[in-house]
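Enquirer: Sharing a structure below in structure tokens format, with a few things to ask.
The values are calculated or read from the model by the stated rules, or taken from the named source; none is laboratory data. Remember, predicted model here, so these are calculated numbers, not experimental data. Neighbour counts run over all protein chains shown; Cβ positions are idealised from the backbone, glycine included. All accessible areas refer to the heavy atoms of the entire protein, side chains included, with ligands and DNA or RNA removed. Shrake-Rupley method; radii C 1.70, N 1.55, O 1.52, S 1.80 Å.
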Amino acid sequence: MKRLFTLFIFSLATFLTLSAQPLNKPSYDTMIETAEELVGNQDYYNALEWYEKAFDEREERALIPIIAKMNYELRDYARAERWYTRLLRRAEDTEFPEERFLFARSLKMQGKYDEAMTAFQEYLLLSDDPDMKKKAQNEINGIELAMVLPENPQGVTIESAGRNVNSPTSEYSPTMSSDGQKLYFAALEERKEVTIVSDAGDDFYAKIFQSAKDDDEWDKPEALDEKINRPGFHSVNPSVTADGRRMYFNRVQLKGNKPGETKIYLSEYGDGGWLSANEVEGVNGDYLALHPTVGELFGKEVLFFVSDMEGGHGGYDIYYATYLGAGKYSDPVNLGATINSIGNEYSPHYHDGTLYFSSDGHPGLGGYDIFYSVWDGSAWSEPKNMGKSFNSSVDDLYFRLDESGYNGYFTSNRPEGRSLKSKTCCDDIYSFSIAELYADLVVGVFSEDKKPLKGATVSLMTMVNDDPGSPDAKTNDRGNRFDYGLELEMPYKVVATKEGYYPDSVSLNTVGLKEAKTFEHRFFLKMKPVPPAEPEIDTITIEEAIVLENILYDFDDDRIKDEAESDLTVVKGLLEQYPDMRIELSSHTDYRGDDDYNQKLSQRRAESARRWLVRNGVTRSRIEAVGYGETKPQTVSARVAAIRPFLKEGDVLTPEYIDALATDEEKEVAHLLNRRTEFKIIEGPTSITIKRTELRKKPTSKPSNDRKSLPVQDTLKVSEMSSLYGKSLKDMPIMEFDERKVELGTVKKGETREFKYRFVNKGETPLSIGIVTACECTTADYSKDEVAPGEEGFIHILFDSTEKDYDEVIDVTVMLNQNDVDDYPIIENLEYSFKLEK
């Protein structure tokens with residue numbers, strides 16, 4: 001099966017053809033034959049039903065990959081994941097390579113990026129198919145992109161087109177009239193339920209509908225007349241020109257449920273409606289021609305469209321044909337490898353020098369993502385992902401802008417839409433608006449030495465009348481970037497914190513903004529002083545009590561737990577090392593409970609510890625077991641005070657002291673410190689030495705997370721001023737600068753200077769600059785678009801010396817949107833210097 005012949009025709013095939021079931025229970029072989037016949041007709045829903053019945057009958061393992069793929073094709077990714085998991089759980093590593101790829105993709109389409117990343121990496125290790133490995137790497141690149149793209153909407157508001165437009169089945173290819181008061185789209189005539197063809201009648205075809213706007217809502221759609229929706233054809237993929245005078249669309253005939261003749265037609269608007277459509281000359285042929293839309297190249301009108309004609313770069317490519325006049329177009333021309341990938345490109349839309357389209361072959365967040373590319377008069381720029389404002393983990397297509405460029409529509413099968421089957425089976429139309437004035441915030445958190453700090457927390461709060469609002473706190477364990485959308489006309493405070501570092505904050509406000517702005521701030525947190533290292537050796541003197549931190553007991557119990565054996569083993573070793581030593585082994589309780597009971601319980605616990613030592617070869621007479629109950633409260637040591645700041649060294653944890661503590665949590669800690677087991681020397685050596693760590697409480701062990709390592713490419717030589725220095729450069733963007741250190745010479749106070757750092761991307765993957773920062777005296781501009789391998793970019797610096805009083809070297813820090821092999825953002829350091837003339 002070729003997945004999604006077009007998304008519309010696919011939907012048509014799946015919802016159009018559910019057939020009646022036989023009354024008598026068929027045999028297993030009949031079930032399989034029926035399912036295979038339905039697959040041949042692309043009737044996947046019925047085929048899946050028959051395969052599942054057959055599996056219920058016999059549980060043949062060979063059916064599992066078939067059922068899994070059916071669910072994948074029908075975009076029920078949760079069920080596909082379950083079936084693939086069932087298949088691969090007991091499979092050998094070399095089995096089912098295609099299924100492993102689709103399993104990984106099913107995870108990705110649900111937004112399970114961590115699990116999908118692992119699955120794709122494992123697939124790369126197992127596959128020897130170079131084309132599929134390239135696709136898997138592309139999926140990994142898309143997951144990495146999803147993990148770093150900002151979450152905030154950046155001024156974009158998205159809403160469903162409403163229940164009048166969107167049905168439980170699918171709607172596609174929205175396009176607007178020139179005044180924005182009419183919405184055209186393609187859908188099935190009957191859109192409420194799965195339809196059995198034998199009951200559907202002769203007029204069951206996909207049609208182009210029109211809906212008029214009533215206030216802010218769309219009216220119930222009506223199908224256009226037979227001049228557009230010709231009987232016997234499926235009419236789909238409408239596209240109305242900016243002047244509202246022409247509509248291009250497809251007429252499709254199916255052979256069975258497979259695509260047959262698919263051609264582009266044109267209708268002109270006149271006499272209050274759309275006139276009879278004619279086949280467009282020059283673009284149709286012995287291939288599928290889909291998704292027509294008008295644009296401009298080289299100063300001439302062109303028609304962009306999608307086709308599977310021979311000679312393309314992938315499955316479906318985008319082509320253009322130049323308008324020659326008199327309704328004729330030139331031979332189609334492929335847009336080339338910049339736009340067209342090894343995958344599929346769909347639904348082109350041209351607006352003001354920019355081509356928007358959807359693709360599953362460029363790195364994306366989901367299946368089909370929306371991209372854009374800018375025409376500079378001779379070539380297309382590298383396609384750029386539209387980000388999380390528009391793209392989801394599933395399929396997002398048919399992006400359309402109105403004439404203003406701030407409003408439009410697209411389609412998506414995201415889970416919140418209306419769906420007849422699974423949550424992601426069906427596409428809805430969504431409207432969007434882009435604010436002309438908006439503000440957002442990008443925060444980076446670094447250490448003082450300008451290294452990214454993972455695991456930091458950033459809190460954003462409004463500050464109306466200096467009164468802080470509820471904080472919007474985010475913790476980033478993957479990286480050090482934080483993104484926020486900001487309200488207009490609002491003051492804010494931003495606070496960055498991380499354990500082991502002093503917090504820092506900054507204030508900003510969006511009051512009086514005249515144009516959209518992205519605020520950028522970098523925190524460089526100062527590390528708190530590290531307490532001096534404890535001596536490795538403790539000297540224990542006679543009558544000095546030493547707490548055995550790992551000897552713990554269950555409530556109201558005196559049995560030794562397994563965790564205690566490590567400390568008792570140390571005591572046993574000391575008794576063997578010093579054969580003339582006698583010790584007191586004592587147990588203590590907290591003050592809660594009956595005094596007499598606590599004393600007896602502590603005695604039993606001390607004797608229990610002594611029994612363990614005796615059973616392991618220590619003479620009983622060398623150990624005196626004493627239970628003190630609650631009579632000897634603990635004195636806080638320097639080490640305990642360092643761990644528990646609410647306690648001070650030398651404090652005695654008496655009942656009065658504990659009752660005066662501020663919180664129940666602090667009181668419980670004090671009780672825990674009082675419940676202890678100790679030993680002390682009572683005869684023999686006056687002092688002994690012991691490693692301090694031997695009697696420390698052992699940390700809880702965590703399971704290892706061994707992962708298969710991927711092959712690492714030998715590193716190339718990079719500047720020591722790059723965070724990539726000394727690291728693997730495999731699949732990394734590498735910035736090679738003409739010069740990283742610029743000397744401006746003598747600068748008069750108040751004078752400004754401009755210059756550029758120029759660089760070439762020497763890596764194997766595109767790079768994009770996220771943030772460029774320096775002192776307040778420096779204004780930086782830089783290449784905003786991705787810089788492909790081998791291409792050049794720049795960083796423009798404007799230096800203002802007005803506030804300078806002495807010679808200085810200025811650091812310029814460049815943070816890329818890409819991460820290094822250790823998953824830290826790539827940092828490139830530059831500098832410039834000057835001598836000040838006052």
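Enquirer: Under a 5 Å amide H to amide H cut-off, with H placed in plane at 1.01 Å, what residues pair with THR654 once short-range neighbours are removed?
Expert: Placed amide hydrogens put nothing under 5 Å from THR654.
Enquirer: Give a residue-ordered list of calculated ³J(HN,Hα) values for the stretch 764-773 (Karplus: 6.51 cos²θ - 1.76 cosθ + 1.60, θ = phi - 60°; whole Hz; x for Gly, Pro).
Expert: 10, 9, x, 10, 9, 8, x, 9, 10, 10
Enquirer: Compute the projected area of the convex hull of the Cα atoms of the stretch 261-412, averaged over all viewing directions, and report it in nm² to one decimal place. Intermediate results must be reported in sequence, preceding the final value.
Expert: Values: hull surface 39.1 nm².
For the Cα atoms of the stretch 261-412, the hull's average projected area reads 9.8 nm².
Enquirer: Now for a different question. Under a point-charge model restricted to the Cβ atoms of Lys and Arg (+1) and Asp and Glu (-1), what is the dipole moment magnitude of the stretch 307-406 relative to its Cα centre, in debye to the nearest 20?
Expert: Using Cβ point charges on Lys, Arg, Asp and Glu, the stretch 307-406 gives about 120 debye.
Enquirer: Where does the stretch 416-458 land on Rg/Rh, using Cα atoms and the Kirkwood Rh?
Expert: On the way: Rg = 20.2 Å, Rh = 15.4 Å.
Rounded to two decimals, Rg over Rh is 1.31.
Enquirer: On C-alpha positions alone, give me the angle between the axis of helix 77-88 and the longest principal axis of the chain, in degrees, nearest 10.
Expert: Between helix and principal axis, roughly 60 degrees.
Enquirer: Take the residue pairs LYS69/LYS421; LYS112/LYS526; LYS762/LYS835; LYS182/LYS227; LYS133/LYS423 and return only those whose Cα atoms are more than 23 Å apart. Walk me through the numbers before you get to the answer.
Expert: Working: LYS69/LYS421 16 Å; LYS112/LYS526 35 Å; LYS762/LYS835 33 Å; LYS182/LYS227 18 Å; LYS133/LYS423 30 Å.
Checking Cα-Cα distances, LYS112/LYS526; LYS762/LYS835; LYS133/LYS423 exceed 23 Å.
Enquirer: Still on this structure, I have one more. Taking R0 as 60 Å, what's the FRET efficiency between ARG604 and HIS796 from their Cβ-Cβ distance, rounded to 0.05?
Expert: 0.15
Enquirer: May I pose another question? Given a 1.4 angstrom probe, I'd like the percentage of the accessible area of the chain that is carbon and sulfur, rounded to a whole number.
Expert: The C+S portion of the solvent-accessible surface of the chain is 46 percent.
Enquirer: Given the Cα-Cα distance of GLU448 and LYS526 and 0.36 nm per residue of separation, how much length would full extension add, in nm?
Expert: 27.5 nm
Enquirer: Return the label of the correct value of percent of Cα pairs over 42 Å apart, as calculated from the structure shown, out of [x] 38; [y] 33; [z] 52.
Expert: [z]
Enquirer: Averaged over all directions, how much area does the convex hull of the C-alpha atoms of the stretch 394-497 cover when projected, in nm²?
Expert: 10.2
Enquirer: Ok, one more. For the chain, what is the mean residue ellipticity at 222 nm derived from helices alone (per DSSP H run of n ≥ 4: -39500 (n - 2.57); sum divided by total residues; nearest 500 deg cm²/dmol)?
Expert: When only DSSP H runs of four or more count, the value is -6000 deg cm²/dmol.
Enquirer: Determine the shape class of the stretch 588-671: with a ≥ b ≥ c the square roots of the Cα gyration tensor eigenvalues, call it rounded for a/c under 1.5, and otherwise prolate if a/b is greater than b/c, oblate otherwise.
Expert: prolate
Enquirer: Rounded to the nearest 20 Debye, what is the dipole magnitude of the chain about its Cα centre when Lys and Arg each give +1 and Asp and Glu each give -1 at the C-beta?
Expert: For this selection, approximately 1680 debye.
Enquirer: I'd like the antiparallel share, as a percent to the nearest 5, of DSSP beta bridges with both residues in the chain.
Expert: 85
Enquirer: Here is a further query. For the stretch 601-644, what is the accessible area per residue in Å², given a 1.4 Å probe and the full set of protein chains? Please report the intermediate quantities before stating the final value.
Expert: Values: 2170 Å² over 44 residues.
Dividing the accessible area of the stretch 601-644 by its residue count gives 49 Å².
Enquirer: For the stretch 297-402, with every protein chain kept in place, what is the accessible area per residue (1.4 Å probe, Å²)?
Expert: Result: 32 Å² per residue.
Enquirer: To continue, here is another question. Taking a point 7 angstrom from the Cα of GLU268 along the C-beta vector, which residues in the stretch 289-316 have backbone N less than 19 Å away?
Expert: 293-295, 301-303
Enquirer: Once both labels are modelled 7 Å past Cα along the beta-carbon direction, what's the ARG86-ASP466 spacing in nm?
Expert: About 6.6 nm, to one decimal.
Enquirer: Using only the Cα atoms of the stretch 737-838, what are the Rg and Dmax in Å?
Expert: Cα radius of gyration and Dmax of the stretch 737-838 are 14.9, 47 Å respectively.
Enquirer: Tell me which GluC sites (Glu not before Pro) from the stretch 243-342 have a DSSP coil assignment and no more than 13 other beta carbons within 10 Å of their own.
Expert: Numbers: sites: GLU261, GLU268, GLU279, GLU281, GLU296, GLU301, GLU310; in loops: GLU310.
Filter output for the stretch 243-342: GLU310.
Enquirer: Length gain on complete extension for the stretch GLN253 to ALA435, per 0.36 nm per residue less the alpha carbon to alpha carbon distance?
Expert: Gain on extension, GLN253 to ALA435, equals 61.4 nm.
Enquirer: Now, a different point. From the phi angles alone, apply the Karplus equation (6.51, -1.76, 1.60; θ = phi - 60°) to the stretch 374-387 and give each ³J(HN,Hα) in whole Hz, x where the residue is Gly or Pro.
Expert: Each residue's phi maps through the Karplus curve to give 9, 8, 9, x, 9, 7, 8, 6, 4, x, 10, 5, 6, x Hz.
Enquirer: For the stretch 64-135, compute Rh as the Kirkwood radius over C-alpha pairs and then the Stokes-Einstein diffusion coefficient at 20 °C and 1.002 mPa s; write the answer in µm²/s, rounded to an integer.
Expert: 178
Enquirer: Specify whether the C-alpha gyration tensor of the stretch 252-351 places it in the rounded, prolate or oblate class, a ≥ b ≥ c being the square roots of the eigenvalues: rounded for a/c under 1.5, otherwise prolate if a/b is larger than b/c and oblate if not. Before the final figure, lay out each step's value.
Expert: Working: a/c = 1.94, a/b = 1.19, b/c = 1.64.
Because a/c hits 1.5 or more and a/b fails to exceed b/c, the stretch 252-351 counts as oblate.
Enquirer: On a full-extension model of 0.36 nm per residue, what is the gain between THR686 and SER505, subtracting their alpha-carbon distance, rounded to one decimal in nm? It would help to have the intermediate numbers written out before the result.
Expert: Details: separation 181, 0.36 × 181 = 65.16 nm, distance 5.47 nm.
That pair, THR686 and SER505, stretches by 59.7 nm at full extension.
Enquirer: Classify the stretch 28-88: rounded, prolate or oblate, from the alpha-carbon gyration tensor (a ≥ b ≥ c, eigenvalue square roots; a/c under 1.5 rounded; otherwise prolate if a/b is larger than b/c)?
Expert: Oblate, because a/c is 1.5 or more while a/b does not exceed b/c.
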